[in-house]
Structures are given as C-alpha cells and as structure tokens.
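Since every read-out is calculated from the coordinates, none of them should be taken as a lab result. Keep in mind the model is a prediction, meaning the values are calculated, not measured. Reconstructed Cβ throughout: ideal geometry from the backbone, glycine too, with neighbour counts over all protein chains shown.
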Amino acid sequence: MFTNNEIQLDILKKRAFNLRWASVPDGVIPLTAADPDFPCAPEISEAINRYSSQRYFSYAPAEGHSFFRESVANFHSLKRNVNTNPAHVLAVDSAAYGIYMTCKAFIKKGDEAIIFNPVDFLFKHSIEANQGVSISFAIPLQPDVIIDINELEKLITSKTKMICLCNPLNPTGKVFTKTELLLIGQLAIKYNLIILSDEIWSDIVFEPNVYTSIASLDETIRQQTVIVTGYSKSYGLAGLRAGSVIAPNDKIFEILLQASEHQSTVHGCNVLAQVAVAAALNECEYWLKEFIIHLTHMRNICVDGLNKIDGFKCLTPQGCYLVFPDITKTGLSAETLQKKLIEEAKVAIVPGLSQWFGERATGHIRLSFATSEDIIKESIYRITKTINKL
Ligand SMILES: Cc1ncc(COP(=O)(O)O)c(C=O)c1O
C-alpha cells in the first residue's frame with residue numbers, strides 16, 4: 001500500500017504546495033512540510049463522490065454536521081479514553097484555525113501563554129496575532145528526557161492564561177509520558193489555566209511508545225482542556241482543510257463557538273471535508289495501521305542513515321514522521337546547509353530557524369519521512385554524498 005508505485009509525482013508536482021513538490025525546482029525531493037506523498041485511503045474519495053453525486057452543498061450547522069461530530073466524539077471516547085459528547089465537538093477548517101481561534105477566545109492584550117521550546121510556530125503565531133505574549137519553556141531536545149516541571153511553574157505569573165501542549169511534539173517527536181502530563185495538568189488546575197492540547201500528531205506514535213491525551217487523566221483536567229486536532233498528518237487531507245476543536249466544558253465550548261465566527265458564517269468547515277473526516281475515522285483505521293508500520297520502517301532508515309553522515313547526530317523520534325538531526329558538527333548553519341542540500345544534493349529540508357520552531361531548534365534541520373522507501377533512500381544517499389565530501 002505504501003510503495004513507490006503508489007506515489008504519483010506528476011499529480012504532486014501540480015498539487016503539493018507549501019514547500020513541497022509543486023514549490024521546488026524539478027529534480028528536487030522535498031522532505032519539507034509534513035504532508036504525505038501517498039494518496040488518501042480510497043474510502044475517503046468514495047464517500048466524497050457519494051455525497052457530491054447528490055448535488056446538494058447546502059449550509060452545514062455552525063458547529064458541524066452531526067455525522068461529523070459523532071464520528072469525532074466516538075473516536076475520542078474509544079481511542080483516546082476521553083469521554084466526549086458530540087455536543088462538545090466543533091468542526092473547524094484546520095487544526096491551524098482551531099489553535100488560532102482558541103487563542104482568540106482566551107488571550108487578551110498582554111495575557112501570557114506558555115509554549116514549549118522547540119515547538120511548531122503555530123502557537124506563537126496565534127498568541128501574538130491576538131496581542132498576547134508567548135512565554136518560552138525550554139525543554140530537553142532528547143525525546144526520552146522528562147521535562148522539569150519546577151522550571152515550568154516558575155514561568156507562571158498573574159498574566160498567564162494558557163499552557164500550550166503539542167503532543168507528540170513537532171519537531172523533536174517526543175511523546176509525553178503520563179507522569180509529565182499529570183504534572184502539567186495539575187499546574188493548570190492550580191493556576192486556573194486553559195490547556196490547549198494540540199493532538200494532531202497523536203496517531204503517529206511508534207511502538208513501544210504509547211499516546212496519552214492529557215484530557216484522559218482526570219475529570220478536572222478534562223474540564224480545563226481544549227483539544228485541537230486535524231486530519232492532515234494521519235490521513236493526508238491537508239488541502240481539504242479539516243480539523244476539530246473539543247471542549248468538554250459547556251462554558252468553554254460556548255466561548256469557543258462565539259470566537260469561531262461560525263455562527264455569522266464568516267468561517268466554517270467545508271461539508272466535503274466533514275464527509276472525508278467521518279469516512280477516515282469510521283472506515284480507514286486499517287489504512288492508518290499500515291501507514292504507521294511503513295513509517296516505523298522509514299524512521300529507522302532515516303535515523304541509521306543520517307547518523308552515518310559526518311557531523312550529523314540524529315535521535316530516534318517516538319512519534320511524528322519527522323527527524324530532527326543536530327547538524328552543528330558539520331560547521332555549517334542550518335540555513336547554509338539547507339542551501340547546499342537544495343543546490344548540490346537536490347533535497348529540500350526545513351532549517352531549524354527560530355521563526356519555525358523557537359531558538360532551541362538552532363543547529364538542527366527537520367526532514368519529513370512520509371514517503372516511499374525508494375525516495376527516502378535516494379534522499380539519504382544524496383545528502384550523504386554531498387556532506388561526506390565536505
Ligand atoms: C503541531 C501541528 N499543529 C497543527 C498543524 C496544522 O494542521 P492543519 O493542516 O490541520 O492546519 C500542524 C501541521 O504541520 C502541526 O505540525
């Protein structure tokens with residue numbers, strides 16, 4: 001299912017933007033934005049075709065169709081151990097928007113929100129776009145080293161409103177342990193902070209690591225949590241723009257619904273995206289399981305291969321289809337290395353710039369491995385040839 005034959009580069013060259021095939025010169029392999037090279041599960045296209053064939057695309061409810069909300073609630077109740085009422089699910093047009101509107105709902109001018117460092121740029125962007133201040137919590141880069149909760153507590157002030165958690169963590173691939181999550185949850189309760197839990201990567205976890213949602217730990221923590229998730233990573237639906245915001249607390253849900261601007265129709269989740277997500281969650285678990293088996297194999301090839309490159313040190317991610325090697329010993333900055341790799345190796349990567357991941361990403365590059373074994377091996381071969389002759 002996840003072989004090179006499945007990948008249609010002619011289509012990707014026309015459709016895959018955001019630093020990927022359609023955005024790079026011919027001949028360059030883009031291991032950039034985390035968006036799979038594989039087509040989605042056939043059940044998803046079939047569900048969209050069935051819906052489209054009836055030729056009605058009427059307005060959906062502001063909160064999302066009931067078939068969508070039920071599928072999402074069912075998934076979180078059964079697979080994430082977070083008892084979820086469909087009435088607490090809001091269909092949104094992406095996880096990115098879910099993060100943005102949660103910040104819009106709970107961050108006022110000058111309010112502080114804690115983000116881990118390194119982490120994907122969306123938290124900082126959304127906090128600052130709402131005139132808040134993002135407070136950086138430096139965490140170990142090794143996925144298996146636990147965070148220092150005392151250091152986190154020291155960052156909390158009277159202005160702190162929110163703790164932003166990305167689990168598994170893009171870019172390091174850390175999967176937080178139950179103990180770490182419980183300590184974070186207890187801090188949030190102690191200081192009455194919203195926990196914004198970005199769970200978009202929660203399906204992509206490699207054995208023996210196990211995913212825990214912070215909202216599954218106890219009832220008080222569940223009431224204080226806003227889960228944001230999406231379907232770009234697990235099911236390859238980035239361009240459909242679909243996501244969910246789940247808030248088990250009635251009052252919090254109501255504030256989020258107001259902030260979403262769905263009721264005014266300024267925003268909302270496209271009906272075909274909702275159909276696609278329901279099909280993914282209800283019918284495509286088999287596909288996701290195979291995808292994770294394939295990704296585990298790709299991860300191992302990447303880690304082995306990158307560690308043989310002079311000056312690279314690559315730790316094994318516990319989750320996410322991303323590797324995040326330390327490249328400081330090459331003597332090059334991540335930006336210089338990025339240019340060299342694109343020009344000489346014809347491989348595009350994401351440099352660990354603070355604007356993407358925070359300052360602690362300095363000296364690292366990020367590569368996505370959601371592609372075929374042939375493409376991964378060719379990329380590693382090209383990078384090795386370029387760097388080892390330095
Ligand atoms: C941690 C994290 N959150 C959110 C998103 C955004 O997802 P979506 O495509 O649903 O907007 C991404 C995508 O890269 C991500 O890595």
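General observations
- Counting only DSSP beta bridges whose two residues both lie in the chain, roughly 45 percent are antiparallel.
- Charge-dipole axis of segment 19-65 as Lys and Arg at +1 and Asp and Glu at -1 on Cβ define it, positive-most pick from TYR51, ALA34, VAL24: TYR51
- Between segment 77-104 and segment 208-225, the Cα center-to-center distance that results, in Å: 14 Å
- Helix runs (DSSP H) in the chain reaching 30 Å along axis by Cα, Kyte-Doolittle at least -1.0: 285-306
- The average projected area of the chain, computed from the convex hull of its Cα atoms over all directions, is 18.2 nm².
- Distant alpha-carbon pairs in segment 71-220 (separation over 24 angstrom), percent: 30 percent
- Here segment 132-187 and segment 263-303 have alpha carbon centers that stand 26 Å from each other.
- Residue order, fewest to most surrounding Cβ atoms within 10 angstrom, among ARG382, ARG15: ARG15, ARG382
- Each of ILE246, ILE163, ALA279 was placed along the dipole of the chain (beta-carbon charges, centred on the mean Cα), and the one lying farthest toward the positive end is ILE163.
- Dipole magnitude of the chain, debye to nearest 20 (Cβ charges: Lys/Arg +1, Asp/Glu -1, about Cα centre): 640 debye
- Computed packing ranks the peptides 316-327, 107-118, 218-229 as 316-327, 218-229, 107-118, most packed first, by mean other Cβ atoms within 10 Å.
- Label-point gap, in nm, between ASN388 and ASP148 - each point 7 angstrom along Cα→Cβ: 3.9 nm
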